[in-house]
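Chemist: Pasting in a structure now, in C-alpha cells, and then I'll have a few things to ask.
Where a number appears in this text, it was derived from the coordinates with a stated rule and is not lab data. No experiment lies behind these values; they were computed from the predicted model shown. FYI the Cβ positions are ideal-geometry reconstructions off the backbone, even for glycines, and counts take in every protein chain you see.
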Amino acid sequence: MLVLALDPPFGSKEENSSFIRTVEETKDYVLGYKIGLPLILQEGAGVISQVKKISHKKVIADLKLADIGDIMVSTLRKLSSFEVDAVIAHGFIGVDDGIDKLVEESRTLSIDVIIVASMSHKGSTRYLDKHYEDIVQDALNLRVHGIVVPATRLDIIRKTREKVGNKLKLYSPGIGAQGAMPGDAICSGADFEIVGRYITRSDNPGKRAQEIYQAQLEKVRLCLGSQ
Ligand code: BMP
C-alpha cells in the first residue's frame, strides 16, 4: 500500500544520509519506490537499477513525461535499459500522437504507464482539474496501469474509484509533508499511498516507514469494518 518517493535530501539537517541507507531501512515496509528528477540529476539514471537491486521492489520513474509521443517513446526506451517497472506521464497532453504512442511502446517494453489525472497541490484546480474527467476516461480507453489522484482531496479519489472500478490502479501522493493522513486515501479508494519527505527526511526512515505502514493497516481495518 506504500510507495516511497525517493526525493533528496535524505535524513534531517543534522544528520545527512544517503538514498542507499533509506532504501535498505525501508524496503520491508514499501511496495515500491518512486524516483524523480532530483535523485536522477543527483546520482544519474543508474540510480533506478541500483534501487531495484538493493530493494528487489518495483521502481517507478517519475519524470512526468509531457512531450510529443515520439520523444516520450525515445525516453521510455532509454529508461527501459535501467529496468524501470513503470513511468509516470501527464495526461493533459492528449492521446493522439501523444500518450497513445507512449502506451503502445510501453506494451512492447513491458513497462507500466501511470497517468497524472489530478495533482495534490492547490494549483491543480486552476487548469488540470478542469480536464480531470477526460484524462481519467483517456486512461480507461488506453487501458493503462494506473493514474495519480491526490490524497489531499479525497473526494476526487472517491469519484475516481466509482468511475474506474478495478480497471485502474490509483496512486495517491500528499501524505505527511502535504498534510494528508496515512490510510485516508486508501479508505477513499486508492490502491497505493505515495509518501516522500515524511520518511526520507527522518533520521530513522525505517521506523517512520513502519509507523506509516501500521497506521495504514489500522485505518483500513477501521474503514473496512465500518462498511
Ligand atoms: P512528499 O510526500 O514529500 O510531499 O512527496 C510527494 C511525492 O509525490 C513527490 O515525489 C512529488 O513529486 C509526487 N507528487 C505529488 O506530490 N503530487 C502529485 O500530484 C503528483 C506527484 O507525483
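Chemist: Please report the spacing between the Cα centers of the stretch 19-82 and the stretch 136-162 in Å, no decimals.
Modeler: So the two Cα centres are separated by 22 Å.
Chemist: P(r) for the stretch 6-66, please, calculated from all Cα pair distances in 10 Å bins and given in %.
Modeler: 22, 56, 20, 1
Chemist: DSSP loop (so not H, G, I, E, B), at most 13 other Cβ within 10 Å: list which trypsin sites (Lys or Arg not before Pro) in the stretch 111-143 pass both filters.
Modeler: Sites meeting the loop and neighbour criteria: Arg126, Arg143.
Chemist: Can you check how the C-alpha radius of gyration of the stretch 97-186 compares to 2.2 N^0.38 Å, as a plain ratio?
Modeler: Here the answer is 1.10, to two decimals.
Chemist: A further question follows. Pop out the ³J(HN,Hα) list for the stretch 194-199 in order, Karplus 6.51 cos²θ - 1.76 cosθ + 1.60 with θ = phi - 60°, rounded to Hz; leave Gly and Pro as x.
Modeler: Working through the residues one at a time gives 9, 10, x, 3, 4, 9 Hz.
Chemist: Next question, about the same structure. Using modelled backbone amide H atoms (1.01 Å from N, in-plane), which distant-in-sequence or interchain residues come within less than 5 Å of Glu193's amide H?
Modeler: So Glu193 has HN proximity to Leu2, Val3, Ser172.
Chemist: Over the C-alpha atoms of the chain, what are the Rg and the largest Cα-to-Cα span, Dmax, in Å?
Modeler: Every Cα atom of the chain included, Rg and Dmax give 16.9, 49 Å.
Chemist: Indicate, rounded to the nearest 5 percent, the antiparallel portion of the DSSP beta bridges found entirely in the stretch 1-74.
Modeler: Numbers: 2 of 10 bridges.
So the antiparallel bridges in the stretch 1-74 amount to around 20 percent.
Chemist: Can you give the local net charge around Lys219? Use residues other than it whose beta-carbon is closer than 12 angstrom to its beta-carbon, Lys and Arg +1, Asp and Glu -1.
Modeler: -2
Chemist: Moving on to the next point. Using the Cβ atoms and a cut-off under 14 Å, what net charge is assigned to the surroundings of Gly189, where Lys and Arg are +1 and Asp and Glu are -1?
Modeler: That sum, taken over residues with Cβ under 14 Å, equals +3.
Chemist: Shifting gears a bit: Distance cut-off 20 Å, Cα to Cα: go down the list Lys27/Lys207; Lys58/Lys169; Lys34/Lys78; Lys34/Lys163; Lys57/Lys159; Lys57/Lys219 and report the pairs above it.
Modeler: The answer is Lys34/Lys163; Lys57/Lys159; Lys57/Lys219.
Chemist: Before rounding to the nearest 500, sum -39500 (n - 2.57) across all DSSP H runs of length at least 4 in the chain and divide by the residue total; then give [θ] at 222 nm in deg cm²/dmol.
Modeler: It comes out at -12500 deg cm²/dmol, rounded to the nearest 500.
Chemist: Next up: When Rg is the radius of gyration of the Cα atoms in the stretch 10-105 and Rh is its Kirkwood radius, what does Rg/Rh come to?
Modeler: Rounded to two decimals, Rg over Rh is 1.04.
Chemist: Another question, then. Using r as the Cβ-Cβ distance of Asn141 and Leu217, and R0 as 35 Å, what FRET efficiency do you calculate, to the nearest 0.05?
Modeler: Working: r = 34 Å, r/R0 = 0.98.
The pair Asn141/Leu217 has a calculated efficiency of 0.50.
Chemist: Going out from 0 in 5 Å bins, what whole percent of all Cα-Cα distances in the stretch 178-226 drops into each bin?
Modeler: 5, 22, 29, 23, 14, 6, 2, 0
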